[in-house]
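Notes for the one structure printed next.
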Amino acid sequence: MSQTDAKVSSVSDSSYTDESLYPQMSRLSEMLKEISYNLSESNSAARAHAIVETCITLNTVNYQTMTHVCHELIQVDACNIFPTSKETQVPRETFLEAQNLAEDILHNLPIDVVLIPQPEEQTADQYSFIGKVTNIRRVMTKNMDVMAVIHLQPVDSENVITMVAFPRTWEKYGGLIETRHDYDFAIIFESSQYIQDSNEYILSHADIPTNDDLPDTRPLPELIDGEPQIYRAVYVDEEPNLFDDDLRWQAQYFSGTTYHRDGYERCGFYATEQEAIEGAKRAKSLNDSMKALSSGEGNHAN
């Protein structure tokens with residue numbers, strides 16, 4: 001066996017794989033990139049970022065390498081206290097977060113080589129959700145651009161999803177998202193990236209769903225002796241009244257008409273399900289009375 005083969009064999013035998021390292025190293029790389037951007041004249045910041053990026057590219061890291069990164073961060077801390085006129089001071093909490101993350105990675109590393117498995121590449125628009133926005137938190141970046149953290153309630157799940165819209169994406173879709181959020185309308189959210197350690201999706205596209213996209217959440221007609229119940233109320237997404245957002249229940253009664261394929265006549269919007277059912281009863285009664293009058297049944301003397 002050659003000396004080269006022996007060296008490769010020794011490294012391979014002494015190495016192991018750590019699934020948690022990739023998201024940690026990726027996060028550290030992002031933070032060091034931001035720090036080196038602000039402290040553009042700091043060689044230590046640039047070296048620390050370059051070392052971490054190299055580790056990610058080569059899929060390997062060891063104790064000595066991360067020791068070097070932590071040493072460089074000590075030098076960066078000194079540069080950050082007195083930045084030059086061309087630099088921007090990094091917020092203390094941002095620097096400490098990066099320093100703590102680097103030290104955590106270091107303390108969990110053995111002397112031997114650790115392999116960093118990278119996740120498989122994901123195709124664009126791999127993740128797709130349809131739901132309503134429950135909260136929007138706008139964030140101002142250092143370049144004075146607006147991004148947003150969006151909480152989404154999917155129509156087919158009880159779990160709230162966090163979607164991050166970076167400035168360019170928010171500039172493109174923010175108006176649509178805010179408008180449909182104000183009126184409690186559903187939205188299609190698409191993402192090509194999922195960040196596992198923070199449980200967040202990166203927004204890539206937003207759109208208005210069609211009726212075919214939305215699951216049918218309307219209650220099915222109840223049957224009495226095999227026949228549909230005469231009255232019912234359906235919760236709808238359409239905006240029935242621009243002056244009252246609470247009017248969401250639509251009254252319906254079964255008439256057997258062919259105008260609506262399900263045989264239900266629509267008659268108005270109400271604030272609650274019970275009020276909608278009562279409204280359907282009144283509309284049904286009025287309709288029956290009009291039919292009776294037009295056929296002469298209502299002209300008999302008492």
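The values are calculated or read from the model by the stated rules, or taken from the named source; none is laboratory data. Only a predicted model underlies this, so the values are computations on that prediction, with no experimental measurement involved. For neighbour counting, all protein chains shown are included, and Cβ atoms are generated from backbone atoms with ideal geometry for every residue, glycine included.
Remarks
- Qualifying residue in the stretch 138-147 (condition: farther than 30 Å from residue 50 by Cα and modelled with pLDDT of 80 or more): yes
- Among (1) touching a Gly at 6+ places or on another chain (Cβ under 9 Å); (2) free of Cβ contacts under 8 Å to residues at least 24 places away in the same chain; (3) among the small types (Gly, Ala, Ser), the one test that residue 175 misses: (1)
- Residue in the stretch 89-96 that is surrounded by 12 or more Cβ atoms within 10 Å (Cβ to Cβ) and either more than 19 Å from residue 35 (Cα to Cα) or in contact (Cβ under 8 Å) with a residue 60 or more places away in the chain (or both) present: yes
- Selection count, the stretch 144-172, where residues are farther than 14 Å from residue 203 by Cβ, of a type in the set (A, V, I, L, M) and free of Cβ contacts under 8 Å to residues at least 60 places away in the same chain: 2
- In the stretch 43-76, the residues that are part of a helix (DSSP H, G or I), touching a helix residue (DSSP H, G or I) at 6+ places or on another chain (Cβ under 9 Å) and among the polar types (S, T, N, Q): 43, 44, 54, 65, 67, 75
- So residue 40, is it more than 18 Å from residue 26 (Cβ to Cβ), touching a residue at least 24 places away in the same chain (Cβ under 8 Å) and part of a helix (DSSP H, G or I): no
- Residue in the stretch 83-101 that is at pLDDT 85 or above, assigned to a loop (DSSP other than H, G, I, E, B) and within 27 Å of residue 201 (Cβ to Cβ) present: yes
- Filter pass, residue 47 being among the basic types (Lys, Arg) and farther than 20 Å from residue 108 by Cα: yes
- Of everything in the stretch 128-171 that is surrounded by fewer than 17 Cβ atoms within 10 Å (Cβ to Cβ) and of a type in the set (Ser, Thr, Tyr), the residue that is nearest to residue 190 (Cα to Cα) is 128.
- Given (1) modelled with pLDDT of 80 or more; (2) farther than 30 Å from residue 59 by Cβ; (3) of a type outside the set (A, V, I, L, M, F, W, C); (4) not in a loop (DSSP other than H, G, I, E, B), index of the condition residue 162 fails: (2)
- Members of the stretch 123-137 found to be touching a residue at least 24 places away in the same chain (Cβ under 8 Å), within 20 Å of residue 198 (Cα to Cα) and part of a strand (DSSP E or B), listed by number: 127, 128, 129, 133, 134, 136
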